[in-house]
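Structure record follows, encoded as structure tokens.
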Amino acid sequence: MSVLQPHKPHKSPRTAVLSAVALAALTLSACSSGPNTAAPPRTAGTPAPSATPSPSARPVHPFTGRPGARNGPVLAVKIDNTRSAKPQRGLRSADIVYVEQVEGGLSRIMAVYSSTLPPQIGPVRSARISDLHLLPQFGRPAFAYSGVQSKMKPYLARTALVDVSPDTASGAYARGGPHPAPYNLYASPRRLLAKAPGATKARDIGFRFGAAPPGGTATTSYTARYPSSTLVFHWSAGEHRWLVSQDGRPDQAAEGGRLGGRTIVIQRVRTTRSQFHDFLGNYTPLLRTVGTGTATVLRDGKAYDVRWSRASEDRGTTFTTPSGRPMTFAPGQVWVVLVNAGRPVTP
């Protein structure tokens with residue numbers, strides 16, 4: 001692997017070509033449609049209160065449920081999730097891994113860190129409007145990304161976050177590794193957070209951890225489909241976590257080993273056209289993560305059918321079983337895979 005070099009903004013026309021991939025039709029279950037514009041994310045409001053541990057209990061991290069974990073500032077990083085960028089660095093250290101659909105029916109990751117900071121994270125890629133609807137639940141997190149279309153910049157400015165993109169934290173980024181640009185931009189999380197003294201610490205976002213609830217269906221693998229990509233989660237009894245394969249290939253970490261999480265949430269959200277599109281007119285999907293819907297939670301070799309609810313963008317998401325009890329997650333890394341719950345969207 002080559003030595004990383006100081007980052008200089010990449011202006012190759014190849015990036016524009018790649019961003020112009022036609023938006024494929026969504027192919028996941030259920031039927032509904034929605035408006036074709038994205039409202040600016042709400043940033044005001046009172047966050048949901050965190051659970052108060054008993055005096056004898058060790059505090060647990062609100063993102064992972066691990067007792068005694070470091071509760072540091074929240075850092076969210078956009079990471080490429082295509083074959084051209086793999087293996088990614090730093091994903092095994094994330095507390096939460098969000099998988100979001102983007103143009104062309106592909107997916108991109110927003111990884112969230114607080115308890116553990118790896119040496120490097122990447123490849124770092126551009127932001128999408130759906131990110132700005134997820135971020136307010138964290139308070140005022142640091143947000144690392146590489147590039148955004150100019151039409152979306154006013155939305156970024158109105159969202160409660162600390163911008164640590166290369167425009168404001170260039171010294172935290174470097175290019176290198178085995179891949180060509182734009183798949184070779186990596187960031188140092190410690191340097192990013194040094195540029196974000198106002199970033200808020202992790203707080204309650206609705207996750208609940210503990211022993212598995214009654215019920216569930218024994219499951220060895222589960223498939224989440226996007227129009228141009230497929231993620232399969234395989235249960236490993238030996239590692240006691242779900243291992244990820246993408247498009248028929250095991251998903252490896254650059255640090256070694258497989259990617260995967262203790263809990264996988266397949267969350268079905270209404271997906272519509274946003275008001276943003278590339279220069280060929282291909283629309284960016286907007287993932288509606290406020291409201292209610294259904295989800296499948298994978299933990300401990302079982303699948304649980306649950307309902308999700310999120311009252312507003314400054315609050316987190318709760319998950320409940322059919323009996324109305326909170327759906328508890330297994331302590332450890334959580335993946336939230338946002339898939340379409342509506343009628344396919346076309347360009």
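Taken together, the values in this text are just the output of simple stated rules run on the coordinates, not laboratory data. Please read these numbers as outputs of a predicted model, since none were measured by experiment. All Cβ positions, even for glycine, are placed from backbone atoms using ideal geometry, and neighbour counts span all protein chains on display.
Key figures for this structure:
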{"quantity": "For segment 140-199 and segment 58-108, distance of Cα centres in Å", "calculated": "15"}
{"quantity": "Sorted by Cβ neighbour density within 10 Å, fewest at the top, the residues 297, 74", "calculated": "297, 74"}
{"quantity": "Using a Förster distance of 45 Å, the FRET efficiency for residue 83-residue 323 (Cβ separation, nearest 0.05)", "calculated": "0.60"}
{"quantity": "Length-normalised contact order of segment 224-347 in % [C-alpha pairs under 8 Å, at least 6 apart]", "calculated": "25"}
{"quantity": "FRET efficiency, 1/(1 + (r/R0)^6) with R0 35 Å, evaluated for residue 292 and residue 211 via beta carbons", "calculated": "0.85"}
{"quantity": "DSSP-defined antiparallel bridges as percent of all bridges, segment 76-173, nearest 5", "calculated": "75"}
{"quantity": "Cut-off 19 Å, label 7 Å out along Cα→Cβ of residue 167, residues of segment 258-290 by amide N", "calculated": "275-279"}
